[in-house]
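To keep things clear, I will list the structure first and then write my remarks on it.
The values are calculated or read from the model by the stated rules, or taken from the named source; none is laboratory data. Since we're looking at a predicted model, the values are computed, not measured. Backbone-built Cβ (ideal geometry, glycine too); neighbour counts: all protein chains shown.
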Amino acid sequence: MVYWRNNNLGYMDKSVTIYTTPTCHFCQMSKEFFKENGVTYAEHDVAADPAQRQAMIEKSGQMGVPVITIGDDIVVGFDKKRLSELLGIAA
């Protein structure tokens with residue numbers, strides 16, 4: 001499990017996972033956002049891993065990607081504002 005820690009705004013430990021496919025533009029945008037902000041994350045390619053695809057669907061009720069989990073929260077798609085809020089990053 002990968003954890004994100006943001007000590008700039010107080011102590012925050014949350015696991016970050018992104019479910020992706022290789023051709024997903026919004027997946028790439030999400031990963032770039034994480035990289036720009038120093039967020040470590042676990043990535044699952046649901047095109048290549050049927051078990052992770054099923055886990056993603058069970059968690060989100062969605063078949064589209066990206067599906068991002070931050071702690072117990074789920075974000076479907078690239079929502080920079082929501083990701084920033086959940087990670088304690090100034091938007």
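Of the residues making up region 15-57, just one is among the hydrophobic types (A, V, I, L, M, F, W, C), under 17 Å from residue 71 (Cα atoms) and in contact with a Lys or Arg (Cβ under 9 Å, 6 or more places away or on another chain), namely 18.
With over 14 Å from residue 20 (Cα atoms) and in contact with a strand residue (DSSP E or B) (Cβ under 8 Å, 6 or more places away or on another chain) as the only criterion, which of 61, 88, 38 stands out? Testing whether each residue is over 14 Å from residue 20 (Cα atoms) and in contact with a strand residue (DSSP E or B) (Cβ under 8 Å, 6 or more places away or on another chain) leaves just 88.
Among the strands (runs of 3 or more DSSP E) lying completely within region 36-91, list those that include at least 2 residues that are exposed (fewer than 14 other Cβ atoms within 10 Å of the Cβ), within 14 Å of the chain's Cα centre (by Cα) and at pLDDT below 95.
Counting at least 2 such residues, we get no strands (runs of 3 or more DSSP E) at all.
The sole residue among 38, 61, 88, 77 that is touching a Leu at 6+ places or on another chain (Cβ under 6 Å) and at positive phi is 88.
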